[in-house]
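K.L.:
My structure is below; once you've seen it, I'll send some questions.
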Amino acid sequence: MADTASERIRVAAPADRCLAVALDFEAYPQWAKDVKHAQILERDDAGRGIRVEFRAAALGKSIRYVLAYDYSDLPNSFSWEFAEGEMLRRLDGTYRFEPEGDSTRVHYDLTVEVGVPLPGMVKRRAASLIMGSALKELKRHIESAG
């Protein structure tokens, strides 16, 4: 069964800067502590990654997965769906960027379904940790880069 979670955070940067950082997948290992490797496998006509392979630390292991991205709602948001990988059945999500003056409210929605049996409480906690960590690391990276 899939678990869903939503979080948001205020980032002291314009929405276009937040979007640019979120779309720079191959730089994720530099600032997202659980992402060990990211490689764009396929690009769209604008050069954005539409199939991206990640290797990340999860559940005490290093797992590989590929996400397929949809940019039809840019610049307000973009989304992704799980395409293939290890230990997961689903990892679908959306980043939304809501300008607030000189800052941006970044919304992160995530649906996770692990392919190994885990108690529901553990799965929900894992989804919450993934999101909270990802948003805090994104905020820290954007704001430190100025």
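K.L.:
Applying the Karplus parametrisation 6.51 cos²θ - 1.76 cosθ + 1.60 with θ = phi - 60° to the phi angles of segment 42-55, what ³J(HN,Hα) value in whole Hz is obtained for each residue in order, glycine and proline being reported as x?
P.N.:
8, 10, 8, 5, 8, x, 7, x, 9, 9, 10, 9, 10, 10
K.L.:
Another question about this same structure. How far is it, in nm, from the label point at Ser103 to the one at Asp73 when both lie 7 Å from their Cα along the line to the Cβ?
P.N.:
Result for the modelled spin labels: 2.3 nm.
K.L.:
Using θ = phi - 60° and the Karplus form 6.51 cos²θ - 1.76 cosθ + 1.60, what ³J(HN,Hα) does each residue of segment 4-12 get, whole Hz, x for Gly and Pro?
P.N.:
Coupling constants for segment 4-12: 10, 8, 9, 9, 8, 8, 9, 10, 7 Hz.
K.L.:
Can you list the residues, at least 5 places off or on another chain, whose amide H is less than 5 Å from the amide H of Leu41, using H built in the peptide plane?
P.N.:
Arg51, Val52, Glu53
K.L.:
What length, rounded to one decimal in nm, is gained on full extension from Arg140 through to Lys36, with 0.36 nm per residue of separation minus their alpha-carbon distance?
P.N.:
Length gained between Arg140 and Lys36: 35.6 nm.
K.L.:
Let's test the formula: R0 of 22 Å, r as the Cβ-Cβ distance of Ala12 and Ala57. What FRET efficiency results, to the nearest 0.05?
P.N.:
That gives a FRET efficiency of 0.20.
K.L.:
Enter the angle in degrees (range 0 to 90, nearest 10) between the Cα long axis of helix 120-145 and the first principal axis of the Cα atoms of the chain, meaning the one along which they spread out most.
P.N.:
Approximately 30 degrees, to the nearest ten.
K.L.:
Work out the count of Lys pairs in the chain where the Cα-Cα distance is under 21 Å, with the pair 8 or more places apart or on different chains.
P.N.:
Lysine pairs, 8 or more places apart or on different chains, close enough: 9.
K.L.:
Sum up the charges of everything whose Cβ sits under 10 Å from the Cβ of Ser79, counting Lys and Arg as +1 and Asp and Glu as -1, but leave Ser79 out. Can you show the working numbers first?
P.N.:
Working: positive: Arg96; negative: Asp70, Asp73, Glu81, Asp92, Asp109.
Net charge in that neighbourhood comes out at -4.
K.L.:
With each run of n ≥ 4 DSSP H residues scored as -39500 (n - 2.57), what mean residue ellipticity at 222 nm is computed for the chain after dividing by its residue count and rounding to the nearest 500 deg cm²/dmol?
P.N.:
My calculation for the chain gives -8500 deg cm²/dmol from helical runs alone.
FYI, it's all coordinate maths here, none of it is from the lab. Since we're looking at a predicted model, the values are computed, not measured. Ideal geometry is used to build each Cβ from the backbone, glycine not excepted, and the neighbour counts take in all protein chains shown.
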